[in-house]
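All remarks here apply to the structure that follows.
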Amino acid sequence: MNLRLRMHLPLVVPKKKPSTDNTRPQVGIRVADQHREWHEGSAIILDDSYVHDVWNDTDEPRVLFLLDLWHPDIRNEEKEKITNMFDFARDQGWIGKKSS
C-alpha cells in the first residue's frame with residue numbers, strides 16, 4: 001500500500017564474505033531495479049508498494065528495526081479518514097483485535 005513509507009534500520013548485518021556472484025550483495029534489498037547493501041546503523045526508507053525483496057545469503061542472522069511512517073503525500077485530513085476507516089474495521093472484527 002502506498003499510504004506509508006517503511007524504514008529499515010539494520011541493527012545486525014552479517015560480515016561480508018568473498019562473493020562469486022557480483023550481481024548483488026550477499027545481504028541486501030532490491031526495490032524495483034535498484035539493489036542496496038545493508039550497513040549497520042544506516043537506514044533505508046522505501047515505498048514498499050513497489051516490487052521489492054530482501055535476502056540474506058549467509059548463515060548468520062540479520063536483524064532489522066522496521067518502522068512505518070505516513071507517506072509525505074498524505075494530507076492530515078486524509079490521515080484522519082484513513083485512521084477512522086481502520087478503527088471501524090477493527091471494531092467490526094474485520095482486522096486485528098477489538099478495543100476493550
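Laboratory data are not the source of any read-out in this text; all were calculated from the coordinates shown. Since the model is a prediction, treat every value here as computed from it, not as a measurement. Quick reminder, even Gly has a Cβ in these numbers, built from the backbone with ideal geometry, and neighbours come from all protein chains shown.
Observations on the structure shown:
- Correct option for mean projected area of the Cα convex hull in nm² [calculated from the coordinates] among (i) 7.8; (ii) 9.9; (iii) 8.8: (iii)
- Axis angle, to the nearest 10 degrees, between helix 76-91 and the longest C-alpha principal axis of the chain: 80 degrees.
- Length added when fully stretched, residue 80-residue 58, from 0.36 nm per residue minus Cα-Cα: 3.6 nm
- Unit charges on C-beta of K, R, D, E only; dipole of segment 4-91, Debye: 260
- Each of the peptides 25-31, 70-76 was scored by the mean count of other Cβ atoms within 10 Å over its residues; in descending order, highest first, they stand as 25-31, 70-76.
- Residue-span extension gain [residue 17 to residue 69] - 0.36 nm each, minus C-alpha spacing: 15.4 nm
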